[in-house]
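Structure, as structure tokens:
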Number of protein chains: 2
Amino acid sequence: METISIGLLGLGTVGSGVVKIIENHQDKIMHQVGCPVKVRKILVKNINKERDVELTDILLTGDANDILDDPEIDVVIEVMGGIEETKNILLKALNNKKQVVTANKDLMAVHGAELLQAASHNNCDLFYEASVAGGIPILRGLVDGLASDRIVKLMGIVNGTTNFILTKMSQQQRAYEDVLAEAQELGFAESDPTSDVEGLDAARKMTILATLGFSMNIGLEDVKVQGISNVTDEDILYGKQLGYTMKLIGIAQRNEEKVEVSVQPTFIVDSHPLASVHNEYNAVYVYGEAVGQTMFYGPGAGSLPTATAVVSDLMNVLKNMRLGVNGKGAIAPQFKKKLKEPDEMFSKYFLRLQVKDEVGVFAEITSIFSQHGVSFEKILQLPVKEKGLAEIVLVTHHASLLNYENILLELSDLASVRTVKSSYRVEGGIK
Amino acid sequence: METISIGLLGLGTVGSGVVKIIENHQDKIMHQVGCPVKVRKILVKNINKERDVELTDILLTGDANDILDDPEIDVVIEVMGGIEETKNILLKALNNKKQVVTANKDLMAVHGAELLQAASHNNCDLFYEASVAGGIPILRGLVDGLASDRIVKLMGIVNGTTNFILTKMSQQQRAYEDVLAEAQELGFAESDPTSDVEGLDAARKMTILATLGFSMNIGLEDVKVQGISNVTDEDILYGKQLGYTMKLIGIAQRNEEKVEVSVQPTFIVDSHPLASVHNEYNAVYVYGEAVGQTMFYGPGAGSLPTATAVVSDLMNVLKNMRLGVNGKGAIAPQFKKKLKEPDEMFSKYFLRLQVKDEVGVFAEITSIFSQHGVSFEKILQLPVKEKGLAEIVLVTHHASLLNYENILLELSDLASVRTVKSSYRVEGGIK
């Protein structure tokens with residue numbers, strides 16, 4: 001029985017987790033794949049750094065080619081991050097006929113199509129379950145579990161940092177900046193949190209999910225992105241009164257053959273399963289034509305959860321090696337990309353306005369909506385501290401983005417509208 | 001490009017769904033498996049019955065051998081139900097080298113091991129994703145998605161009928177009999193609901209989940225089963241006051257190498273993701289050593305959801321056919337079955353007592369608990385209508401089943417304890 005040799009690129013949080021899981025679960029791996037598995041070499045930045053993981057008989061190297069050019073290495077696992085340089089390293093690995101597992105969402109979101117083509121060309125597997133929603137086996141769920149269905153809509157809470165922040169803001173009625181500072185202290189947010197809070201991280205994951213779910217090459221440039229840094233605890237409170245929970249939601253939706261993909265702070269109807277996904281947890285809600293509503297829930301990040309997904313991918317690579325079918329299960333996208341236009345994107349919207357508290361104002365505002373054929377699901381009027389002003393919250397029925405944006409423009413031109421305080425997408429049903 | 005020929009056993013709700021999905025999603029199937037797929041023959045009880053599904057070019061037959069002996073049939077899909085006779089039919093199908101997909105939980109719970117062995121012996125696939133939790137791809141999630149992890153605990157809401165009943169009882173404060181009658185009218189419950197409400201259906205599914213999750217042949221006889229027919233709306237109300245939601249939960253748990261599997265009405269802590277699974281929906285919560293908490297949510301039954309799982313299995317069979325690896329991915333159980341003894345099963349318990357409202361009674365009761373080393377997490381005392389009586393609700397910390405049962409015995413012997421009104425397991429954390 002031959003031992004399978006692994007080359008690991010990166011020994012950070014996830015890399016250490018991979019080494020530990022391969023070590024701790026050697027029995028289960030042996031039983032399932034029929035041979036021992038050993039990490040032989042690890043690419044690291046600093047060879048002499050102290051590590052809290054057992055590395056006996058493992059060669060640490062600063063040169064990727066020590067791994068890529070080693071004919072003994074069967075599988076390359078990439079958990080080092082980075083985009084351009086990492087792409088070249090993985091292309092070389094594939095061209096050298098090495099199986100590849102990666103946890104790198106940034107890379108897959110940008111160069112996924114090219115890498116998957118190289119893998120297919122070389123009869124190699126390229127698996128990347130860990131790149132979306134850490135420990136949740138969502139990619140395999142979409143590709144295998146729901147293989148026979150037509151996915152119509154995907155909604156994801158796919159960024160743990162923002163979900164932690166929004167959960168605390170909502171449960172403790174605290175301001176964004178305040179909770180962000182706490183999240184940074186606790187290590188749930190980076191010192192530069194931009195990529196998380198501005199939605200870029202979530203957008204990358206939605207790119208990967210939409211590409212798989214719709215069998216269409218969706219690029220990062222196709223995703224409309226808005227972050228949570230402007231969400232206020234006041235907004236969240238208004239939403240609560242209407243039965244909504246604020247979440248950063250990635251949405252990928254198709255009607256007929258056209259798709260839209262976006263990430264934005266969204267009010268989710270409280271009874272929807274996504275509304276109960278709290279703190280740093282992730283969840284991906286999938287609406288399939290036949291299956292209806294399903295949801296996959298779990299930890300979106302963390303050393304061991306992410307490493308679990310990586311090693312599960314590794315085991316699928318090894319099963320394929322045993323059967324001699326690596327790279328043969330890959331399926332190229334079925335459809336050419338077609339994106340919806342703003343008049344084809346429909347959603348409900350929550351709109352909060354500060355208006356003059358005068359006779360006729362309400363009629364003036366609502367008539368703009370009706371001129372655009374948009375009606376209301378909920379209306380809430382509240383007094384404000386400043387005299388002569390009133391605050392109105394409107395929730396529309398489904399409206400096209402084009403119509404809604406035109407309405408916003410016309411509203412901001414009205415003398416009676418003092419400020420458009422906030423505007424959010426509302427989700428919870430299926431349209 | 002050759003057409004793959006399917007023989008379908010059964011044309012009820014799920015069978016019709018299978019015919020529809022194969023027809024409607026032919027393009028996606030073609031793209032993924034590389035050849036057309038056609039249902040050729042269907043085994044039915046009544047050939048002349050009117051059907052609401054298009055059956056052009058499909059032969060209906062009353063004789064299973066028309067399918068089993070037909071060398072043109074590549075795959076047999078079983079959605080007719082039944083146990084002993086169906087087992088013999090599927091054994092013959094496998095021995096005739098046909099790939100098999102089944103949605104039959106009763107069959108797999110009772111004869112799964114034998115059938116899987118026959119499949120392996122004949123180099124055939126035997127897939128049964130639809131047998132547990134309909135449209136939720138949980139079996140694949142356990143086997144592939146969490147392949148590298150050690151599953152410690154599975155908790156499932158795996159019976160839609162009982163979840164519908166308990167949801168309505170809880171949300172509308174209605175009695176069991178009342179809601180059951182409604183469920184029967186709506187078609188959510190059978191006219192003889194025994195198998196659902198007494199937990200047998202859930203037990204069968206837990207048998208399948210535990211066998212896969214723990215890689216150990218668990219039999220139906222190993223599952224401790226209690227149904228919901230004695231749950232009262234009063235109990236549910238008391239639970240609510242303590243922050244619990246009542247669910248029929250299947251639990252499979254292991255410590256070291258020993259396991260326990262049970263199904264019982266259980267109070268789930270409100271913040272736990274299972275507490276938000278309402279109506280006829282199903283969910284399986286998985287606790288893995290490395291991944292932590294994950295949950296798979298979706299429709300547990302229904303024509304199209306279940307058929308989605310069946311056809312997804314079919315597509316995995318077809319991918320394997322293309323690669324020539326059918327039956328080679330199966331993994332026999334790794335461990336010999338070892339069941340926990342009652343002194344090794346730990347849980348929290350909710351206990352509701354009606355006691356004499358006298359000095360010293362409370363001390364008398366609680367001292368029995370402390371003699372057995374069991375302490376309390378929550379205590380609630382409430383007045384009752386009948387004079388001279390009080391009602392006490394106790395929630396214990398973790399106690400062994402042995403200790404807890406001894407406590408119950410001693411309590412019922414006390415003169416001051418009028419009635420043990422109810423007793424439930426409490427779940428929500430991980431022990």
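The values are calculated or read from the model by the stated rules, or taken from the named source; none is laboratory data. Just so it is clear, the model here is predicted, and its values are computed rather than measured. Ideal geometry is used to build each Cβ from the backbone, glycine not excepted, and the neighbour counts take in all protein chains shown.
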Residue count, segment A:298-331 (criterion: at the interface with another protein chain (Cβ under 9 Å from one of its Cβ atoms), in a loop (DSSP other than H, G, I, E, B) and either farther than 23 Å from A:Gly81 by Cα or among the aromatic types (Phe, Trp, Tyr) (or both)): 5
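Take residues that are among the β-branched types (Val, Ile, Thr) and away from chain B (no Cβ under 14 Å) and tell me which of the strands (runs of 3 or more DSSP E) falling wholly in segment A:1-110 contain 1 or more.
Numbers: elements: A:4-9, A:37-43, A:59-61, A:75-78, A:99-102.
Where strands (runs of 3 or more DSSP E) fall fully within segment A:1-110 and carry at least 1 residues being among the β-branched types (Val, Ile, Thr) and away from chain B (no Cβ under 14 Å), they are A:37-43, A:59-61, A:75-78, A:99-102.
Quick one: is B:Glu84 charged (D, E, K, R) and either modelled with pLDDT under 95 or not assigned by TED's automatic domain parsing to the domain that holds B:Ala113 (or both)? So that I can check it myself, show each step before the final result.
On the way: charged (D, E, K, R): yes; either modelled with pLDDT under 95 or not assigned by TED's automatic domain parsing to the domain that holds B:Ala113 (or both): no.
So B:Glu84 fails the test.
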Near pairs, Cβ below 7 angstrom, 6+ apart or cross-chain, from segment A:179-193 (in the same structural domain as A:Asn163 (by TED's automatic domain parsing) and at pLDDT below 90) to any residue that is in a loop (DSSP other than H, G, I, E, B) and of a type in the set (Asp, Glu): A:Phe188/A:Glu280
Residue match in segment B:354-372 (condition: on the phi > 0 side of the Ramachandran plot, more than 26 Å from the chain's Cα centre (by Cα) and not aromatic (Phe, Trp, Tyr)): yes
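Would you please name the residue that is farthest from the other protein chains (Cβ to nearest Cβ), looking only at residues in segment A:121-140 that are under 29 Å from A:Leu248 (Cβ atoms), assigned to a helix (DSSP H, G or I) and of a type outside the set (Ser, Thr, Tyr)? Don't jump to the end; show me each part of the working.
From segment A:121-140, those under 29 Å from A:Leu248 (Cβ atoms) are A:126-140; that's our starting set.
With assigned to a helix (DSSP H, G or I) added as a condition, the list becomes A:129-131, A:138-140.
Next, from what is left, pick out any that are of a type outside the set (Ser, Thr, Tyr): A:129-130, A:138-140.
Numbers: A:Glu129: 7, A:Ala130: 11, A:Ile138: 8, A:Leu139: 9, A:Arg140: 5 Å.
Residue satisfying both the conditions and the ranking: A:Ala130.
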Residues that are part of a strand (DSSP E or B), touching a helix residue (DSSP H, G or I) at 6+ places or on another chain (Cβ under 9 Å) and more than 12 Å from A:Glu341 (Cβ to Cβ), drawn from segment A:394-408: A:Leu394, A:Thr396, A:Ala399
The one condition in (1) surrounded by 19 or more Cβ atoms within 10 Å (Cβ to Cβ); (2) within 14 Å of chain A (Cβ to nearest Cβ) that B:Glu256 fails to fulfil: (1)
Residue that is farthest from A:Asp270 (Cα to Cα), among those in segment A:164-211 that are within 19 Å of the chain's Cα centre (by Cα) and among the basic types (Lys, Arg): A:Arg204
Some residue of segment B:339-349 being under 19 Å from B:Gln241 (Cβ atoms) and either free of Cβ contacts under 8 Å to residues at least 60 places away in the same chain or buried (at least 16 other Cβ atoms within 10 Å of the Cβ) (or both): yes
Search result, residues across segment B:184-205 that are part of a helix (DSSP H, G or I) and more than 23 Å from B:Asp144 (Cβ to Cβ): B:Gln184, B:Glu185, B:Leu186, B:Thr194, B:Ser195, B:Asp196, B:Val197, B:Leu200, B:Asp201, B:Ala202, B:Ala203
In segment A:232-253, the residues that are surrounded by fewer than 21 Cβ atoms within 10 Å (Cβ to Cβ), aliphatic (A, V, I, L, M) and not in a loop (DSSP other than H, G, I, E, B): A:Leu237
Options A:Ile83, A:Ile138; residue that is touching a Leu at 6+ places or on another chain (Cβ under 8 Å) and within 26 Å of A:Lys45 (Cβ to Cβ): A:Ile83
Unmet requirement for B:Thr294, which otherwise passes all of (1) within 7 Å of chain A (Cβ to nearest Cβ); (2) part of a helix (DSSP H, G or I): (2)
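When only residues in segment B:267-285 that are among the hydrophobic types (A, V, I, L, M, F, W, C) and within 19 Å of B:Phe350 (Cβ to Cβ) count, which is nearest to the other protein chains (Cβ to nearest Cβ)? Lay out the reasoning, then the answer.
Within segment B:267-285, the subset among the hydrophobic types (A, V, I, L, M, F, W, C) is B:267-269, B:274-275, B:277, B:283-284.
Still in the running and within 19 Å of B:Phe350 (Cβ to Cβ): B:267-269, B:274-275.
Numbers: B:Phe267: 18, B:Ile268: 13, B:Val269: 13, B:Leu274: 10, B:Ala275: 8 Å.
The qualifying residue nearest to the other protein chains (Cβ to nearest Cβ) is B:Ala275.
Could you list, in sequence order, the residues of segment A:185-209 that are of a type in the set (A, V, I, L, M, F, W, C) and within 21 Å of A:Leu154 (Cβ to Cβ)?
At the first step, the residues of segment A:185-209 found to be of a type in the set (A, V, I, L, M, F, W, C) are A:186, A:188-189, A:197, A:200, A:202-203, A:206, A:208-209.
Correct list: A:Leu200, A:Ala202, A:Ala203, A:Met206, A:Ile208, A:Leu209.
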Among (1) farther than 30 Å from A:Lys153 by Cα; (2) assigned by TED's automatic domain parsing to the domain that holds A:Val417, the one test that A:Lys319 misses: (2)
Residue in segment A:206-227 that is surrounded by 23 or more Cβ atoms within 10 Å (Cβ to Cβ), free of Cβ contacts under 8 Å to residues at least 60 places away in the same chain and part of a helix (DSSP H, G or I) present: yes
Count - residues of segment A:332-346 that are more than 8 Å from chain B (Cβ to nearest Cβ) and either part of a loop (DSSP other than H, G, I, E, B) or touching a Cys at 6+ places or on another chain (Cβ under 7 Å) (or both): 8
